[in-house]
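Since every read-out is calculated from the coordinates, none of them should be taken as a lab result. On a predicted model such as this, the values are computed, not experimentally measured, just so you know. Virtual Cβ from ideal backbone geometry, glycine too; neighbours counted across all protein chains shown.
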Amino acid sequence: MTIAFDTPPDDKAQLEAGGAFTPRFDANGLITAVVTDAGDGELLMVAHMNDEALALTIETGIAHYYSRSRKTLWKKGETSGNLQTVVELRTDCDQDTIWLKVKVAGHDATCHTGRRSCFYRIVQKDGDAAKVAITDNEIHFYPDEIYGKN
């Protein structure tokens, strides 16, 4: 079984209030996916999905994404063991963004750096410049052991 998506309607009211799921992919065939922890709501990552990744996510209940840098489909956690099981999938008002609420298996870490969230740094003003400071330095797994040396 493969999920197929209908073309988004031209009628704004139908798009915003109708019952059809008609995701609006961008010119590159991608849709932004915001991912949070289903338990505590922490923002874990932001990624992109193509139609195949979104369909696989809905069909399997496991988060799949499209890597813009590698230009390939990937199942999050397939290598690390930190699979993301989708508890809830939402779309925004104009259906051009997806929000996944997930439970993370394995080390309960999402970032390839071994941290729980990809958002482990805060941006701060420093005079006329900006700098980043690490706010979460807890490593849940060692990336070199999982992914090999880079």
*Using the Cα centre as the reference, give the magnitude of the dipole from point charges on the C-beta atoms of the chain (Lys, Arg: +1; Asp, Glu: -1; all else neutral), rounded to the nearest 20 debye.*
500
*Cβ under 14 Å from Ser80's Cβ, Ser80 left aside: what net charge do those residues give with Lys, Arg +1 and Asp, Glu -1?*
0
*With a ≥ b ≥ c the root eigenvalues of the C-alpha gyration tensor of the range 63-108, is it rounded (a/c under 1.5), prolate (a/b larger than b/c) or oblate?*
oblate
*What is the local net charge at Asp10, summed over the other residues whose Cβ is closer than 14 Å to its Cβ (Lys, Arg +1; Asp, Glu -1)?*
-2
_Show me the GluC sites (Glu not before Pro) within the range 75-149 that DSSP assigns to loop and that have at most 11 other Cβ atoms within 10 Å of their Cβ._
Glu78, Glu138
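For the chain, what number of Lys pairs, 8 or more residues apart or on separate chains, have alpha-carbon atoms under 19 Å from each other?
Values: Lys75/Lys101; Lys75/Lys103; Lys76/Lys101; Lys76/Lys103.
Lysine pairs meeting the criterion: 4.
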*Given Cα pairs under 8 Å that are at least 6 residues apart, what percent is the relative contact order of the range 4-89?*
18
_List the chymotrypsin sites (Phe, Trp or Tyr not before Pro) within the range 1-79 that DSSP assigns to loop and that have no more than 14 neighbouring Cβ atoms inside 10 Å._
Phe21
*Compute the acute angle (0 to 90°) between the alpha-carbon long axis of helix 51-60 and the principal axis of greatest extent of the alpha-carbon atoms of the chain; round to the nearest 10°.*
80
_Rel. contact order, % - alpha carbon contacts under 8 angstrom, at least six apart, the chain_ = 19
*Please label the shape of the range 37-115 as rounded, prolate or oblate, based on the square roots a ≥ b ≥ c of the eigenvalues of the alpha-carbon gyration tensor (a/c under 1.5 means rounded; beyond that, a/b larger than b/c means prolate, else oblate).*
oblate
